[in-house]
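Undergrad: Right, I'll just put the structure down here and ask away after.
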Amino acid sequence: MASQIISESDQELLLHKLDIFKIRGKDKRGHKILRIIGKFFPARFLSVDVLKKYLVEHIFPRLGKKSFSVLYVHTGVQRSENFPGISALRSIYEAIPVDVKDNLHAVYFVHPGLQARLFLATFGRFLFSGGLYGKLRYVSRVDYLWEHVKRKEIEIPEFVYDHDEDLEYRPMMDYGLESDHPRIHAAPALDSSPFPSVSIYSMRCIS
């Protein structure tokens with residue numbers, strides 16, 4: 001996962017400083033929320049082992065023994081900058097204690113995008129054991145999130161709302177057919193997504 005090695009202590013400090021993982025608020029069923037901001041994830045500087053240690057020491061104990069939900073914000077995630085990679089994701093998921101997995105009620109996946117949906121629909125069941133795929137709840141707009149989560153208890157970064165506004169004016173961005181750059185309107189390169197690319201030809205064949 002890491003391409004630029006920094007010390008373990010600096011990696012832990014970076015995780016604290018960036019506030020990637022934050023336990024705060026509840027969903028409408030009363031479950032505690034673990035919010036994860038994908039864009040903040042320093043994949044180039046972080047090792048899988050340090051991340052596992054951080055979760056075990058600072059996050060899992062605070063979740064307690066009750067059911068909880070994850071709010072994952074995918075807005076702005078790019079493979080080269082802040083995506084840890086599929087093998088790293090699986091390694092991290094497999095390291096989660098069984099009781100924590102069992103207590104996971106739902107994963108609210110904000111701004112998934114076409115390629116994330118296709119990849120998870122194709123490989124999610126094989127990569128993630130324990131029924132995680134069945135707990136995914138795709139949320140294409142922030143407004144839809146409030147149907148599941150208590151609005152006043154969750155802090156959402158401003159860039160997420162900005163992306164929401166772009167989607168309202170250019171809805172084809174939801175399907176990967178328009179750039180998410182505010183000043184570029186040509187179709188983006190398929191490999192700009194952190195997930196393995198799916199060709200337009202194969203999509204046509206499926207349809």
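Undergrad: Every residue in the range 83-112 that is of a type in the set (A, V, I, L, M), within 22 Å of V139 (Cα to Cα) and open to solvent by 20 Å² or more (accessible area, probe 1.4 Å), please.
TA: Across the range 83-112, the qualifying residues are I86, L89, L104.
Undergrad: Only one of these is buried (at least 17 other Cβ atoms within 10 Å of the Cβ) and over 13 Å from I36 (Cβ atoms): Q78, Q115. Name it.
TA: Just one listed residue meets the conditions, Q115.
Undergrad: Same structure again: Return a yes/no flag: does the range 63-72 have any residue that is closer than 25 Å to S9 by Cα, open to solvent by 40 Å² or more (accessible area, probe 1.4 Å) and among the polar types (S, T, N, Q).
TA: No: the range 63-72 contains no residue that is closer than 25 Å to S9 by Cα, open to solvent by 40 Å² or more (accessible area, probe 1.4 Å) and among the polar types (S, T, N, Q).
Undergrad: Oh, and also: Scan (1) modelled with pLDDT of 75 or more; (2) of a type in the set (F, W, Y); (3) more than 24 Å from R44 (Cα to Cα); (4) more than 13 Å from the chain's Cα centre (by Cα) for the single condition F119 breaks and write down its number.
TA: (3)
Undergrad: Quick one: count up the residues across the range 127-144 that are of a type in the set (F, W, Y) and within 17 Å of I96 (Cα to Cα).
TA: 2
Undergrad: Now a separate question. I need the full set of residues from the range 123-151 which are in contact (Cβ under 8 Å) with a residue 40 or more places away in the chain and in a helix (DSSP H, G or I), in order please.
TA: Across the range 123-151, the qualifying residues are L127, L145.
Undergrad: Then there's this: Six or more apart or on different chains, Cβ atoms under 7 Å: show the pairs whose first residue is in the range 38-49 and at negative phi and among the polar types (S, T, N, Q) and whose second is open to solvent by 60 Å² or more (accessible area, probe 1.4 Å) and in a loop (DSSP other than H, G, I, E, B).
TA: So the pair list comes out as S47/M1.
Undergrad: Report those helices (runs of 4 or more DSSP H) wholly inside the range 17-118 carrying at least 3 residues which are not hydrophobic (A, V, I, L, M, F, W, C).
TA: Counting at least 3 such residues, we get 48-54, 79-82, 86-94, 98-103.
Undergrad: Do you know which of the residues in the range 72-113 that are β-branched (V, I, T) and more than 13 Å from the chain's Cα centre (by Cα) is nearest to A43 (Cα to Cα)?
TA: So the residue we want is I92.
Undergrad: If a residue must be more than 27 Å from R151 (Cβ to Cβ), over 17 Å from the mean Cα position of the chain (by Cα) and surrounded by fewer than 19 Cβ atoms within 10 Å (Cβ to Cβ), how many such residues does the range 12-53 contain?
TA: Total satisfying the criteria: 7.
Undergrad: I'm checking my understanding of the structure. Among residues of the range 118-160 that are within 28 Å of E94 (Cβ to Cβ) and aromatic (F, W, Y), which one is least open to solvent (accessible area, probe 1.4 Å)?
TA: Applying the filter and picking the extreme gives F119.
The values are calculated or read from the model by the stated rules, or taken from the named source; none is laboratory data. Values in this document were obtained by computation on a predicted structure and should not be read as measured data. Cβ coordinates were reconstructed from backbone atoms using ideal geometry, including for glycine residues, and neighbour counts include every protein chain displayed. Surface areas here come from the heavy atoms of the whole protein model, side chains and all, with no ligands, DNA or RNA. Shrake-Rupley method; radii C 1.70, N 1.55, O 1.52, S 1.80 Å.
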